[in-house]
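Structure first, then comments.
Read the figures in this text as sums done on the coordinates, not as results from a lab. Values in this document were obtained by computation on a predicted structure and should not be read as measured data. Cβ placement follows ideal geometry from the backbone for every residue including glycine, while neighbour counts extend to all protein chains displayed.
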């Protein structure tokens, strides 16, 4: 615990709003320490799983069991445990857990002999270790989400509330210029030949083809494609509307981006919906609610990615209104909870 807060009474609150921000800052300061702790736990559990594996094989060989069968049974047990990470829903996970228990019991039988009791303990600890790793993964995802959310909120509070529309021949060129000026990742990516398509026709996983006014992409790294490590890449979608987009328009756009992202195997990082308003025009209440509460969700290689649809309204005074305002260039895996 932070020593600064150790001697304080947690029940004493004077200004609730200021206290919320102070609490968030305090937790954010502890995040690096918590991440280190989680990393140490994961390393310890991983080493234990490796040791447990060799102990089970050794006990099966020494105690008169079947070490070959014990070794082969590790394949379905580990495969099913890894499968539990990737599936969503309680029923599929329960089915996989039951299969894990069945194969784990067969592994215990393969140990057999005089070390049967030790086999029961070691196999149970092996399964428990994998479950602990999954819980550590969820906890790490939560703190990654919290740290990202806290950083974004701080940047929004510190950002200039007035955003001017840059020069450009049309709304698409202007928003791309704005992205390049405010985001070094996108600026560097746009300098790579072939990374930007204006306009873009993308085919989704369902086979349908979707039209976008601009598409900027950074492919995933080799490590991500093979072992889900490294950079998953990111994509920027731009879609312009001649009139205020409705909730139905936004729902259709959300479905199109999810389908196209699944086909490309690249998560969306920014989704910009462009509209040039006249006077004080605004979107409907349903569209506003959709923009502020819904997000594109794409599940790739066991990780869930989320990205809000961001309406960029060009006003007559040469400024942008963003609903909502998205500042971070790339999206991190959401895990649970989902920013996904």
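Odds and ends about this structure:
- Descending by average beta-carbon neighbour count within 10 Å, the peptides 131-142, 289-300 line up as 289-300, 131-142, the highest first.
- Extension gain from residue 41 to residue 317, taking 0.36 nm per residue of separation minus the Cα-Cα distance: 93.9 nm
- Gyration tensor over the Cα atoms of the chain: the corresponding equivalent ellipsoid has semi-axes (square roots of 5 times the eigenvalues, largest first) of 47, 27, 17 Å.
- Candidates 16, 219, 232, ranked by Gaussian network fluctuation over the chain, Cα under 10 Å, top entry: 16
- With R₀ fixed at 45 Å, the C-beta to C-beta distance from residue 223 to residue 125 puts the FRET efficiency at about 0.90.
- When each of 185, 52, 25 is scored by the number of other beta-carbon atoms lying within 10 Å, the sequence from fewest to most is 25, 185, 52.
- The C-alpha atoms of the chain define a longest principal axis, and helix 116-158 lies at about 20 degrees to it.
- Modelled spin-label separation between residue 82 and residue 211, with each label point placed 7 Å from Cα along the Cα-to-Cβ direction: 4.3 nm.
- Build a GNM of the chain with springs between Cα atoms under 10 Å apart, and of 145, 164, 320 the one that fluctuates most is 164.
- D by Stokes-Einstein for the stretch 21-139, Kirkwood Rh over Cα pairs, 10 °C, 1.306 mPa s: 101 µm²/s.
- Two-site FRET efficiency, residue 280 against residue 95, from Cβ-Cβ distance with R₀ of 56 Å, rounded to 0.05: 0.50
- Separation between Cα centres of the stretch 175-248 and the stretch 15-80, rounded to whole Å: 36 Å
- Modelled label reach - residue 185, point 7 Å along Cα→Cβ, the stretch 202-231 residues with backbone N closer than 14 Å: 216-221, 230-231
- Difference of contour (0.36 nm per residue) and Cα-Cα distance, residue 134 to residue 177: 11.3 nm
- Against the main long axis of the alpha-carbon atoms of the chain, helix 16-62 sits at an angle near 30°.
- This ranking places 270, 86, 276 by how few other beta-carbon atoms lie within 10 Å of each, fewest first, which gives 86, 276, 270.
- With contributions of -39500 (n - 2.57) from each DSSP H run of at least four residues, the per-residue ellipticity at 222 nm computed over the chain stands at -19000 deg cm²/dmol.
- Computed from the Cβ-Cβ distance with R0 of 22 Å, the FRET efficiency linking residue 75 to residue 116 stands at 0.50.
- Cα→Cβ-extended label distance, 7 Å offset, between residue 154 and residue 289, nm: 3.5 nm
- Approximating the spin labels as points 7 Å out from Cα along Cα→Cβ, the residue 27-to-residue 48 distance works out to 2.7 nm.
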